[in-house]
Amino acid sequence: MVKIRLARHGSNKRPFYKIIVADNRRARNGRFIEKIGFFNPLQKDKNKKVSMKIKRIAFWIKNGAILSERVKNICKTYNK
């Protein structure tokens, strides 16, 4: 099953997440199919906090991908 989820990057206590499309059997920061955005929770400016390729997310959902709960909430909150 393919999922759209977060992969954690960044240093200790300074999280930075990439929004990726990956097989759910792979590790959190392991191999992925496509990078479709990022999420920086520490950024103050809302315009720079999230970047997503909405068309690619729609494409993957149409082809059977499932959004993780956190990505679903990010899409609702920051959808432009």
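The values are calculated or read from the model by the stated rules, or taken from the named source; none is laboratory data. None of these values were measured; they are calculated from a predicted model. Every residue, glycine among them, receives a Cβ derived from its backbone with ideal geometry; neighbour counts consider all protein chains shown.
Scan segment 56-80 for residues that are under 11 Å from the mean Cα position of the chain (by Cα) and either on the phi > 0 side of the Ramachandran plot or outside any loop (DSSP other than H, G, I, E, B) (or both) and jot them down. Answer for segment 56-80, where residues must be under 11 Å from the mean Cα position of the chain (by Cα) and either on the phi > 0 side of the Ramachandran plot or outside any loop (DSSP other than H, G, I, E, B) (or both): Ile57, Leu67, Glu69, Arg70, Val71, Lys72, Asn73, Ile74, Cys75. Of all residue pairs spaced 6 or more apart or on separate chains, those with beta-carbon atoms under 6 Å, a first member in segment 16-39 that is surrounded by fewer than 13 Cβ atoms within 10 Å (Cβ to Cβ) and a second member that is part of a loop (DSSP other than H, G, I, E, B) and aliphatic (A, V, I, L, M) are Asn24/Met1.
Filtering segment 4-15 to residues that are touching a strand residue (DSSP E or B) at 6+ places or on another chain (Cβ under 6 Å) and either within 17 Å of Thr77 (Cα to Cα) or surrounded by 17 or more Cβ atoms within 10 Å (Cβ to Cβ) (or both) leaves Ile4, Leu6, Ala7. Cβ separations smaller than 6 Å between residues 6+ apart or across chains give no pair from segment 43-57 residues that are aliphatic (A, V, I, L, M) to residues that are surrounded by fewer than 12 Cβ atoms within 10 Å (Cβ to Cβ) and in a strand (DSSP E or B). Scanning segment 27-55 for residues that are part of a loop (DSSP other than H, G, I, E, B) and under 15 Å from the mean Cα position of the chain (by Cα) turns up Ala27, Arg28, Asn29, Gly30, Arg31, Phe32, Ile33, Asn40, Pro41, Lys53.
Within segment 17-30, is even one residue in contact with a Pro (Cβ under 9 Å, 6 or more places away or on another chain) and either under 18 Å from Arg70 (Cβ atoms) or modelled with pLDDT of 90 or more (or both)? Yes, there is a match, as at least one residue in segment 17-30 is in contact with a Pro (Cβ under 9 Å, 6 or more places away or on another chain) and either under 18 Å from Arg70 (Cβ atoms) or modelled with pLDDT of 90 or more (or both).
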